[in-house]
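To start, the structure itself, in structure tokens.
The values are calculated or read from the model by the stated rules, or taken from the named source; none is laboratory data. Quick caveat, the model's predicted, so the values are computed rather than measured. Here the Cβ positions follow ideal geometry from the backbone for every residue, glycine too, while neighbour counts run over all protein chains shown. Just so you know, the surface numbers come from the protein's heavy atoms only, side chains and all, with ligands and any DNA or RNA stripped out. Shrake-Rupley method; radii C 1.70, N 1.55, O 1.52, S 1.80 Å.
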Amino acid sequence: MPLAVTEARSLLAAYPLAPVVATVGSHSALDIADGAASEGLGTLVLAEAGRDAPYARYFRTTNGPPGFPRRGCVDEVWTYPKFLSLAAPAEQERLRRKGALLVPNRAFSSYVPLATIEDDFRVPIVGSRALLRIEERSERENYYTLLERAGIPTPHRVPGPEAIDRLAIVKLPHATRRLERGFFTAASPSEFRTKSERLIARGTIAAEDLAGARIEEYVLGPVFNFNFFFSPLVPRADGLELLGVDERRESDLDGLVRLPAAQQLELSESARIPVYTVVGHGTVTVRESILEEVFRLGEKFVDAARARYPPGILGPFCLQTCLDRDGHATVFDVAARIGGGTNVHLALGHPYGNALWRTPMSTGRRIAVEIRRAAAEGRLPEIVT
Ligand SMILES: Nc1ncnc2c1ncn2[C@@H]1O[C@H](COP(=O)(O)OP(=O)(O)O)[C@@H](O)[C@H]1O
Ligand SMILES: [Mg+2]
């Protein structure tokens, strides 16, 4: 039985005035911690053994000698053998005693089962826990469904390999590293067959995952990931903000395309099929005349999410888009929480967020500003579920 929003919000009653910002040690934890530290809030990272050094050592908060700056932005690190352990009832109790507000990122919803988050995770989450499930393409109702409800353009869906009649992208998980991608492109049924056989032989994908793969039109154009923020603390008309835009660095795709075509053709057939592992992020702005449409998409998404999954979006979300040759956006992925590329705006902010707030405003810092304001006005229940 999903945890009622009211129950999640009632957990706040026992919380201290100054909540602690907690997040899972991966994905965008540094942006979240840096933002909270900039706003004077305590920070707690829930890390996994063997991958906690950035938090427990390199960005750990340490006070300098009198008159010298403080270093780092991670006040405390709780390291678990496995991320999943953070959801144990005793750990939830510990988080509540700490006054921790959990800021969800992709690591949280990947390592803690969605059913646990929805039904049993009795720690206030800054954002909408009910929306995390739409990110799963395997769900019957997922982000594509919501985008269509919102009237937001999505790539044309190709019903099956035999129906491929244009350049398409096939989306399925990696065979063994399940959080990674086993994506490939195909422009015909025969190319689909050839490439899928090669990728199965290479161990990149598993045959049994092909049946559930999403096949969609490949949109030719650069990718822009629009990092929005929606605040329920202000009048609806003022709620939407565009904080920044990022693009991802994907390996080995970006390495392949940096090779001249003639050299690419010298590679083996298999090596010419790229892998889309996200390894980094870049920052971008969009042609100014396109911003009107970008805001319209954001507003439509907020309204559709509110109608279908009340209370809807609370805080950050990311619309991942391709802009075609006419400058029109097609949204191929959604994050209903802080996007995966916001680290590129960590501490610096992005021209859009900075222009709006007249100060460096990353997504991490904007989340912290929202928490601080809600706490000051006794409105924390309005930003958590
Ligand atoms: N329909 C599409 N057309 C063109 N490129 C796409 C399309 N869908 C995805 N991509 C490319 O694949 C990458 C990953 O796709 P995405 O759907 O965001 O996967 P994930 O859910 O793993 O983040 C994108 O960053 C983009 O470069
Ligand atoms: Mg994506």
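Taking segment 316-354 and a reference point 7 angstrom along Cα→Cβ of E288, the backbone N atoms nearer than 14 Å belong to 352.
Between helix 363-376 and the chain there is an angle of about 30 degrees, using the helix long axis and the longest principal axis of the Cα atoms. In this structure the amide hydrogen of S128, modeled in the peptide plane, comes within under 5 Å of the amide hydrogens of L314, none closer than 5 places in sequence on its chain. Length gained on full extension, T194 to R166: 8.5 nm, using 0.36 nm per residue less the C-alpha separation.
Dividing the convex hull volume of the alpha-carbon atoms in segment 239-307 by its residue count gives 145 Å³ per residue.
Hey, if we sort Y58, Y218, Y352 by accessible area with the 1.4 Å probe, largest down, what's the order?
Heavy-atom accessible area, descending, gives Y58, Y218, Y352.
Helix 29-38 axis versus longest C-alpha principal axis of the chain: approximately 30°, rounded to the nearest ten. Amide H to amide H, with H built 1.01 Å from N, E250 comes under 5 Å of V279, counting only residues 5 or more places away or on other chains.
Note on surface exposure: W357, W78 rank W357, W78 by accessible area, highest first, 1.4 Å probe.
Measuring only protein heavy atoms, the 1.4 Å probe finds R373 accessible over about 90 Å².
Counting other Cβ atoms within 10 Å, which GluC sites (Glu not before Pro) in segment 238-325 have at most 13 and lie in a DSSP loop? Taking segment 238-325 and a limit of 13 other Cβ atoms within 10 Å, the loop GluC sites (Glu not before Pro) found are E269. Database remark: amide H of Y80 closer than 5 angstrom to the amide H of A47, E48, A49 (H placed geometrically; neighbours at sequence offset of 5 or more, or on other chains; Pro and chain starts carry no H). Phi angles across segment 210-223 convert, under the Karplus curve 6.51 cos²θ - 1.76 cosθ + 1.60 with θ = phi - 60°, into 3J(HN,Hα) values of 5, 4, x, 5, 8, 10, 9, 3, 8, 8, 7, x, x, 9 Hz, Gly and Pro given as x. Ignoring ligands, DNA and RNA, what percent of the 1.4 Å accessible area of the chain is carbon and sulfur? Of all accessible area on the chain, carbon and sulfur atoms account for 54 percent. Per the Debye calculation on segment 158-217 with a single equal scatterer at every Cα and no solvent contribution, log₁₀ I(q)/I(0) for q = 0.19, 0.30 Å⁻¹ amounts to -0.58, -1.33. Entry comment: accessible area of segment 158-217 is 48 Å² per residue, from protein heavy atoms only and a probe of 1.4 Å.
The modelled label-to-label distance between R325 and A376, using points 7 Å beyond Cα along the C-beta direction, is 5.1 nm.
Take each peptide in 360-372, 45-57, 97-109, count the other Cβ atoms within 10 Å of every residue, and average; sorted highest first, the result is 360-372, 97-109, 45-57. Only helices enter this figure: runs of n ≥ 4 DSSP H residues, each worth -39500 (n - 2.57), summed and divided by the residues of the chain, yield -8500 deg cm²/dmol at 222 nm to the nearest 500.
With both labels modelled 7 Å from their Cα along Cα-to-Cβ, the A206 to S138 distance reads 0.9 nm. Surface calculation, 1.4 Å probe, protein heavy atoms: S110 sits at approximately 40 Å² accessible. The 3J(HN,Hα) values that the Karplus relation (6.51, -1.76, 1.60; θ = phi - 60°) gives for segment 196-209 are, in residue order, 5, 4, 5, 5, 5, 4, 7, x, 7, 10, 10, 3, 5, 7 Hz. Gly and Pro appear as x. When H174, H27, H328 are compared by accessible area of protein heavy atoms, the largest-first order is H328, H27, H174, using a 1.4 Å probe.
Based on Cα atoms of segment 80-204, Rg over Rh with Rh as the Kirkwood radius reads 1.09. For the chain, the mean projected area of the C-alpha convex hull, equal to one quarter of the hull surface, is 20.8 nm². Treating r as the C-beta distance of A355 and A4 and R0 as 41 Å, the FRET efficiency rounds to 0.55.
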